Structures are given as structure tokens and as C-alpha cells.
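What follows is a short report on a single structure.
The values are calculated or read from the model by the stated rules, or taken from the named source; none is laboratory data. Every value quoted in this text rests on a predicted model; they were computed, and no experiment measured them. Neighbour counts run over all protein chains shown; Cβ positions are idealised from the backbone, glycine included.
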Amino acid sequence: MYGKLFGACLYGIDGVLIEVETDLSNGLPQTSIIGLPDSAIREAVERVRAAIKNCGFQYPLQRITINLAPADLRKEGSSFDLAIALAVLTTSEQLILPANKKTLFLGELALDGSLRPVPGILSMVDLARRQGFDSVVVPIENVTEGSVIQGIEVYGLRHLRDLVPSVSGDADSSKSKGKIQQGRIQLEDYAHLSTNTYASRKESSEEGSYLMEDYIDVLGQQHVKRALTIAAAGMHNIMLVGPPGTGKTMLIKRLPTILPPLTDQEALEVTKVLSASGKLKNGLSRLATVRPFRSPHHTISAAGLIGGGTIPKPGEVSLAHRGILFLDELPEFNRQVLEVLRQPLEDRHVTLSRARAAFTFPAHFMLAASMNPCPCGYAGNDPKQQRCTCTPHKIAAYRAKISGPLLDRIDLQVEVPRPKEGLEVKITSSSADLQAQVLAAQKIQEERYKGLPISWNSELSGSLLRRTAVLDKPAEDMLHQTIDALGLSMRSYDRILKMARTIADLAVEEQITTLHVAEAIQYRNLDVRSVAMQEYE
């Protein structure tokens with residue numbers, strides 16, 4: 001006898017549809033799972049056997065072959081337990097599921113038949129919707145997460161025996177023992193949750209805002225706030241350089257308060273990454289509402305930052321997708337770890353190759369970093385304040401921990417000086433004021449790039465950059481002279497153009513002028529300092 005149901009597994013952060021084929025034949029009782037299963041799937045035989053028996057069904061004493069197709073794709077995880085159990089029960093004619101619905105089955109079975117939650121439900125339900133399925137059956141703990149996806153029915157199941165409806169007391173009930181007649185099982189009898197995801201997401205867009213600080217709390221540092229506004233308006237990478245206690249970390253941690261809200265598509269991408277990595281806690285009733293902010297410790301490994309494992313999982317760069325990756329005290333990170341950031345900063349994704357497959361994870365993030373000017377932190381300090389005790393050799397070695405190619409990819413390099421003595425307490429721009437400027441600039445970019453596969457000025461490249469960031473003649477001459485004088489790379493040239501475009505958008509001007517270019521150039525602070533040190537030597 002032959003039967004087939006549908007399950008799914010994760011491939012990177014995306015769901016992959018898997019056909020669970022079952023064949024029962026005469027022979028010694030034996031169950032084999034084929035189709036490149038991992039250890040968790042091979043062990044499913046014992047979980048399924050115990051669950052079926054403990055729920056009052058009969059485990060067939062036949063030769064059972066279960067094939068997970070396509071057979072050349074490596075499968076992992078415990079999400080196939082429910083599909084395998086139902087495939088065995090339907091093939092042995094102990095259970096007949098409704099034929100009027102194309103249904104996907106997901107979930108891990110306990111030995112008593114109860115269902116346990118599995119990660120990646122959001123991606124797999126989204127896959128089912130795109131593949132034309134009518135419904136998905138998931139563990140009850142995953143039902144709110146799965147219901148985030150609109151256009152498909154999601155049913156929550158607590159226990160395998162819940163599939164058996166109460167038997168009516170007719171005369172023929174004894175004849176039908178162990179076999180449920182078709183049409184007697186209705187998925188609507190199970191827990192069903194349907195939410196208007198996008199509406200609820202927008203209604204709760206302020207959720208979590210009370211956890212964030214406000215730029216109105218920061219005294220002074222107006223030029224740094226301006227730089228952070230430019231970074232947020234174009235999603236440009238930024239690094240703050242200054243002595244300890246000047247507020248570098250405080251300024252960057254407030255950066256999420258001025259970023260634009262997630263679009264519907266971005267919210268789905270962010271939530272899928274969280275779901276695939278098992279980061280969703282206590283269920284989920286809507287898509288992500290705020291942009292991610294990840295701040296890993298400087299002892300992180302390359303695999304932790306970029307992603308890795310035998311079957312790769314998303315790293316910090318993917319968990320920061322559509323948000324901010326904050327690296328505090330940048331030179332304290334291992335240089336080899338920092339170098340892996342080069343490719344995702346350019347390509348906006350990460351590809352990890354293994355012997356059997358290559359996995360691609362999204363990594364479209366804004367890099368925000370901070371560092372001291374030297375190991376002791378006081379280089380360039382006012383002589384009246386604490387003096388630097390580092391030798392030129394120690395300072396050079398400290399800064400050499402950040403390679404030139406990586407530094408080239410950081411658009412804004414801003415000095416954060418120590419506030420002057422007697423700083424007066426003044427009311428400064430709040431996060432709401434700065435966000436209003438960012439949203440206005442974002443609206444301009446949204447109209448400009450309508451129909452194109454980009455959303456931000458930082459994503460411009462090639463001919464599109466040249467057509468979009470058009471300089472007037474004085475501005476073009478200034479930029480060329482600066483590039484020649486400082487010996488900047490062509491990557492730096494392009495990034496100055498992108499920043500100038502964002503600065504012009506903030507000023508609501510279509511033409512890029514010398515004022516916009518001059519402001520963009522001044523943010524290449526470390527490039528200027530590097531040239532000055534070379535001349536000094």
C-alpha cells in the first residue's frame with residue numbers, strides 16, 4: 001500500500017516542501033526512512049511508533065519504507081514527526097483525512113502523542129501559501145506564529161489522538177473500530193486562529209518604544225546627531241571615534257529611535273529570520289514591529305558573526321537584517337572576525353557553502369561601530385585634561401586592527417570629542433524631530449526608486465549611482481580635487497557620492513551642490529587623519 005502527505009523543513013531561512021511517501025509491504029516488521037535524513041529524523045521512527053501505540057492506534061507489523069522527496073536534499077529537524085505518523089496511519093487505513101483540502105503537516109511528537117513546537121514555522125507556512133495549500137496543521141504553541149501569514153488556514157493541534165472524533169453510538173460502530181470513515185474528521189474542530197496581521201502590526205507599531213531612550217537626553221554633540229541622522233536617512237554605515245565617556249555608545253543605542261518603521265515586506269523578512277533561528281519566544285501574533293538592533297560581544301567568533309554550523313544557522317549579521325549591527329569597541333574584535341564582514345557589507349547577503357549544499361542568508365544591515373582613538377583612549381585630548389600615554393607605535397598597531405578595506409566600507413567616520421567644561425543644559429532635538437527628517441528623506445527615496453530593486457541611497461551602484469547622484473560643476477571639481485589630495489579609493493569616491501545624495505535629500509534638493517559634497521567629505525575623518533599621519537612620518 002502506498003500513501004503520500006506533505007511536510008516541510010528549513011533550508012537556510014526559507015521553507016522547502018517535502019513529500020512524505022509511505023509504502024507498506026509484506027515482510028519482516030521494519031521501518032526505514034530514506035531521502036538523506038539527519039539523526040533527528042532517523043530517530044523519528046521510535047517517537048512515531050510510541051506515539052501511535054499510546055494514542056490507541058496500531059503500528060503496522062509490516063515492512064514500512066518512508067521516503068522524503070526530493071531525495072537529494074539534506075533534511076534536518078523534528079518537524080516531520082507529525083507528517084510521518086499521519087502517513088503511516090492513512091496508508092494503513094486507520095485514519096482517513098479530508099480529501100477536499102491540500103494540507104501541510106508540521107510538528108514534533110512526544111512519546112505520548114502530544115505535539116511539541118518546532119522552529120521556522122513562519123517560513124514553512126509562507127511556503128505553503130505560495131505553493132497553493134489550503135491549510136497547515138501545526139503544534140498549538142506554533143499556531144499564533146503561523147497565523148501571521150495571511151491567505152491560508154492554520155490549525156493548532158495539541159495531541160495526535162485529537163484527530164479521532166467522538167464515535168457515535170450507532171449499531172455499526174464496532175465494525176468501524178480502528179478506522180475512521182472519510183468525512184468524519186473536520187479540521188475546523190481543532191484550534192484555529194486567524195488574525196489580520198498587517199493591521200495589528202500597524203496598530204502596535206509603538207510597541208517597545210517605551211524601552212528606547214531619546215536623543216533629547218543627550219547634551220551637546222549636535223554634529224554627531226547630524227551624522228546619525230544622515231546615516232539613518234540613507235542606511236549608511238557609521239563609526240564614532242572618541243575618548244571614553246563622550247557618549248559614543250549612548251548615541252548609537254538611540255539610533256533605532258529615528259529609523260523608519262519596517263515595511264510589510266521587511267517585517268516578514270525579519271520575522272522569518274527570527275523564526276528560523278528559534279529566537280521567537282512565547283509565540284507570535286504579528287510580524288516584527290521594530291528594526292533589529294544586535295550588539296554582540298567582542299569575543300564573538302567568525303561563525304557566530306556570519307553564521308555557521310554543520311547545517312548553517314543565521315549569525316549576527318542575519319539577525320540584524322533590516323536593522324543595525326552595533327560593534328562596540330571595534331578594535332577589540334579579532335581582526336579575522338572583522339574581515340568576514342567585507343562581503344555582506346557589499347552584497348547584502350551571506351552564502352555559506354558546505355559539502356552537500358550552499359545556504360544563503362539575508363544580511364542587509366547598517367553597521368554602527370565605536371572605538372577609542374588609541375589604547376588608553378585619550379589621544380588628541382585637550383592638554384588640560386587627561387594626557388595620552390600611548391606611543392606612536394602602539395597607536396598605529398591599535399588602529400591597524402581595522403583593515404583599510406573594511407574602513408573603506410564605513411561611510412561616516414565621526415569624531416566625538418569630550419564636552420567642554422561648563423556645558424550648559426539646553427533643550428536639543430528629540431528623536432521624534434530627527435525621525436521626521438529621516439522619514440521625509442525616505443519618502444523622496446521611495447518615489448525615486450519606485451520599481452527598482454533598491455530602497456536606500458546606500459544601495460546605489462554603477463550607472464544608477466551616476467544617474468542619480470548628479471553633481472553640479474563646482475561640486476564635481478571639489479570632489480575630484482579631494483580624491484586626488486587624499487588618495488582615496490574609488491569605493492570611497494562612490495560612498496561620498498551616496499552620502500551627498502542623502503544630504504541633498506534631507507535638504508529636499510534634487511541637485512547636489514558643493515555644500516552637500518563638502519559635508520560628505522568631512523565625514524571621511526579617518527581617511528584625512530591617515531593622510532596627515534603619513535605626511536608627518
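A few remarks follow.
- Residues in the stretch 281-305 that are out of contact with any Asp or Glu (no Cβ under 8 Å at 6 or more places or on another chain) and in a strand (DSSP E or B): F293 alone.
- Where helices (runs of 4 or more DSSP H) fall wholly inside the stretch 419-507, the ranges with 1 or more residues that are touching a residue at least 12 places away in the same chain (Cβ under 8 Å), of a type in the set (G, A, S) and not assigned by TED's automatic domain parsing to the domain that holds D408 are 473-486, 490-506.
- Any chance L24 is outside the structural domain of E269 (by TED's automatic domain parsing), surrounded by 16 or more Cβ atoms within 10 Å (Cβ to Cβ), more than 16 Å from G107 (Cα to Cα) and of a type in the set (A, V, I, L, M): yes
- Qualifying positions in the stretch 250-265 - surrounded by fewer than 16 Cβ atoms within 10 Å (Cβ to Cβ) and polar (S, T, N, Q): T263, Q265
- Among the candidates G278, G234, the residue that is on the phi > 0 side of the Ramachandran plot and either of a type outside the set (K, R) or free of Cβ contacts under 8 Å to residues at least 60 places away in the same chain (or both) is uniquely G278.
- For E339, the requirement of being over 17 Å from the mean Cα position of the chain (by Cα), surrounded by fewer than 23 Cβ atoms within 10 Å (Cβ to Cβ) and not aliphatic (A, V, I, L, M) is met.
- If you go through the stretch 72-90 and keep only what is crowded, with 24+ Cβ neighbours inside 10 Å and basic (K, R), you end up with just K75.
- Residue within the stretch 69-79 that is over 34 Å from the mean Cα position of the chain (by Cα), of a type in the set (G, A, S) and either on the phi > 0 side of the Ramachandran plot or assigned by TED's automatic domain parsing to the domain that holds L157 (or both) present: no
- Considering residues of the stretch 487-516 that are under 14 Å from L465 (Cβ atoms) and of a type in the set (A, V, I, L, M) only, the residue modelled with the lowest pLDDT: M490
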